[in-house]
Amino acid sequence: MYALCMAKAISAKSRKLLWGNSGNRCVMCHIKLVADPTIAGDEHAVLGQEGHIVSHKSDGPRYEPLPDDDVHQYKNRILLCPTHHIEIDNQVKHRTAEELRRLKKKHEEWVDKTLDPIEKAWPPKVNWGKPPQKLKVHKVSTGANLLSYVRAGLSSELRNDAPETKKEAETIGQFFQDVTDYGDIIDELGPGEGVRIGFTLNDHLKKLRNLGYEIYAGNYSRELEINGNRSDWEVCVLLVTKDIQEIMQSA
């Protein structure tokens, strides 16, 4: 009878430690070890190889008599691209176990140093400047007219009178929802799609007017500061009201 000896594979925990601490980069050249698909239908290509610092085989590169539980796990693994995996296993006098441990430690410190400023900057510190005291709005005449205001804004500010009936609440709510959804995709719309959306908005405007509402829109610029960097943020304001003076005074 023969005993079948199976080499232990790297554990899931060790694999996560190896790839996570190495930042998905080769220890030697820092190249990314997962390649994105180049065309639709292709899959990601995993280039990384989980090399051994010392071999578990007596005739292998940098052999040391280690227990199986140690030789295959994170402490004895090094993440490499295919080129450098071949290099370290063929140049064992230069790429000694001590040298590989030094390179692995140095690389993981580089990953920490590189990612640390990103982690410290998250979540970002956001400060909004004050909106203008006087907001200039215009009565919306058509869906295409409304779409021009939405297109000019990076976000929307929606205001409305308190609905008096369930039908009013549903009509205003659906109008605001559609305007918000169109605003999210407006930069991707072609001319034909813009015309169709304008037509749909015309229907919304008609329903709101039948309930006694008028729709007003405008744009204003507000200062936005993120982690000390300032820029102007364009806002589209949209009002649905039966009394424009009252809603402007309460804003």
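The values are calculated or read from the model by the stated rules, or taken from the named source; none is laboratory data. Keep in mind it's a predicted model, so treat the numbers as computed, not measured. Quick reminder, even Gly has a Cβ in these numbers, built from the backbone with ideal geometry, and neighbours come from all protein chains shown. Heavy atoms of the whole protein, side chains included, go into the accessibility calculation; ligands, DNA and RNA do not. Shrake-Rupley method; radii C 1.70, N 1.55, O 1.52, S 1.80 Å.
You can think of it this way: the chain between Leu158 and Phe199 has 12.7 nm of extra reach, that is 0.36 nm per residue less the Cα-Cα gap.
Across the accessible surface of the stretch 154-222, with the other protein chains kept in place and a 1.4 Å probe, carbon and sulfur atoms take up 49 percent.
For Lys75, the lysines whose Cα comes closer than 24 Å to its Cα, not counting residues fewer than 8 places off in the same chain, are Lys8, Lys13, Lys16, Lys32, Lys57, Lys93, Lys104, Lys105, Lys106, Lys113. One chain, two ends: Ala35 and Arg230. Fully extended at 0.36 nm per residue, the span grows by 66.7 nm beyond their Cα-Cα distance.
Computed from backbone phi, the HN-Hα couplings of the stretch 79-91 come to 8, 9, 6, x, 4, 7, 5, 5, 4, 5, 7, 9, 10 Hz, rounded to whole numbers (Karplus: 6.51 cos²θ - 1.76 cosθ + 1.60, θ = phi - 60°; Gly and Pro given as x).
Annotation: peptides 203-212, 235-244, ranked by per-residue average of other Cβ atoms within 10 Å with the highest first, follow the order 235-244, 203-212.
Annotation: amide H of Leu211 has no partner in the under-5 Å range at sequence separation 5 or more or interchain, hydrogens built in the peptide plane.
Close amide H pairs (under 5 Å, H built 1.01 Å from N) link Val54 with no residue at least 5 positions away or on another chain.
Once the Cβ-Cβ distance between Asp69 and Asp42 is put in as r, and R0 is 35 Å, what FRET efficiency do you end up with, to the nearest 0.05? The computed FRET efficiency comes out at 0.40. With θ taken as phi - 60° and the Karplus curve 6.51 cos²θ - 1.76 cosθ + 1.60 applied, the whole-hertz 3J(HN,Hα) list for the stretch 170-176 is 5, 5, 5, x, 5, 4, 5 Hz, x standing for glycine and proline.
Each residue of the stretch 20-34 was assigned a 3J(HN,Hα) from its phi angle through the Karplus expression (A = 6.51, B = -1.76, C = 1.60, θ = phi - 60°), giving x, 5, 8, x, 6, 10, 5, 4, 8, 10, 6, 5, 5, 10, 10 Hz with x at Gly and Pro.
Straight-line reach from Lys207: taking Cα to Cα under 23 Å and skipping same-chain neighbours fewer than 8 places apart, the lysines in range are Lys139, Lys166, Lys167, Lys242. Per-residue extension of 0.36 nm, minus the Cα-Cα distance of Ala144 and Ser11, leaves a gain of 41.9 nm for this segment.
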